[in-house]
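These notes are about the structure you will find just below.
The values are calculated or read from the model by the stated rules, or taken from the named source; none is laboratory data. Note that the structure is predicted; figures quoted are calculated from it, not measured. Note that we place each Cβ from the backbone using ideal geometry, even for glycine, and neighbour counts take in every protein chain shown.
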Amino acid sequence: MSDESDGDPKIYLLPNLMTAGNLACGFFAVLTIFKGMQAPDFGEAKVFYEQALLLIFGSCLFDLLDGRLARLGGKESPFGQEFDSLADLVSFGMAPALLVSKAVLFNLDLPDRLAHAEPGVGWAIAFIYLLCGAMRLARFNCLAMSGKGSMSEFRGIPIPMAAGFIASLTFLIIHLHNTDRNLGMWNYVLAGAMLGLSALMISNVRYPSFKKVDWRTRASLPVLLVGTLVVAALINYYWILPAVLFSVYLIYGLVRPWISTRWRRGVEEALADEDEAESS
């Protein structure tokens, strides 16, 4: 059956409601960042920046749910795909770029002869990230429409994971420095990370999608135990563990071509294969 009726695309409630939640988190993250920009000192602005970071993490959660709900009910649609990309550009493109440029890259401590260009350098790095994220989403949609997309892997790191890495690293840096805006070498670390992620988003590096892992996926008791421990650690070490997990995913995609096919399949497809075997 066609996805369209009388020329109007079908709009499925629950998946698109999750996408709307993603967009709402991104929108309020941007508003919160603007509040932080108006604070007289970094100590007061820090509270707003941390709230914005939590909202970006909330967007990640909604983005995870919308696709799972759509695939679970067989309700994937062109409308949902386009809506999701637009929401992602706000939540994982605009919000992280604005946050990092004002919370961290605002003070890069460039040499004296380049000091006049300091604000522009921060904005330029943030815009490059946003531009590459937009191109990453456009390429993904083109591949999906042409039927050349893959369910098992992404071409280039997906923008929610890039935003999650940037947000978690920024959260860790702000937490460590409390009210001190002079972040020293961390300014350059985060600037380099944003440029590196920008290149990865439009690269041909393959990252696993884990799209086959959904509500029907079954797991063994050891896997369930490990998952529970990870969730508990995330709650207890919320300032550092997200950065570690996003870093593991980022690095895994880079070293993945050199990992044996058998080991890679065991990591990426074990849960999905088990679920398919149970349901066949």
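Here is how the numbers come out for the structure above:
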item: Residue, farthest from N204 (Cα to Cα), within region 124-182, restricted to residues that are at pLDDT 90 or above and of a type in the set (S, T, Y); result: S168
item: Selection count where residues are without any contact (Cβ under 8 Å) to a residue 12 or more places away in the chain, part of a helix (DSSP H, G or I) and surrounded by 14 or more Cβ atoms within 10 Å (Cβ to Cβ), scope region 32-46; result: 0
item: Residue within region 55-63 that is touching a Phe, Trp or Tyr at 6+ places or on another chain (Cβ under 9 Å), of a type in the set (D, E), surrounded by 17 or more Cβ atoms within 10 Å (Cβ to Cβ) and under 23 Å from L143 (Cβ atoms) present; result: yes
item: Residue among M94, M37, M18 that alone is in contact with a Phe, Trp or Tyr (Cβ under 6 Å, 6 or more places away or on another chain) and aliphatic (A, V, I, L, M); result: M18
item: Enumeration of residues in region 87-112 that are assigned to a helix (DSSP H, G or I), farther than 17 Å from M194 by Cβ and at pLDDT below 95; result: D112
item: Residue that is modelled with the lowest pLDDT [pool: residues in region 183-197 that are more than 10 Å from V104 (Cα to Cα) and crowded, with 22+ Cβ neighbours inside 10 Å]; result: M194
item: Candidate set: region 71-82, residues that are of a type in the set (G, A, S) and modelled with pLDDT of 75 or more; chosen: the one surrounded by the fewest Cβ atoms within 10 Å (Cβ to Cβ); result: S77
item: Subset of region 236-256 [over 16 Å from A199 (Cα atoms) and touching a strand residue (DSSP E or B) at 6+ places or on another chain (Cβ under 7 Å)]; result: R256
item: Counted residues, region 231-262 - those being touching a residue at least 12 places away in the same chain (Cβ under 8 Å) and surrounded by fewer than 12 Cβ atoms within 10 Å (Cβ to Cβ); result: 1
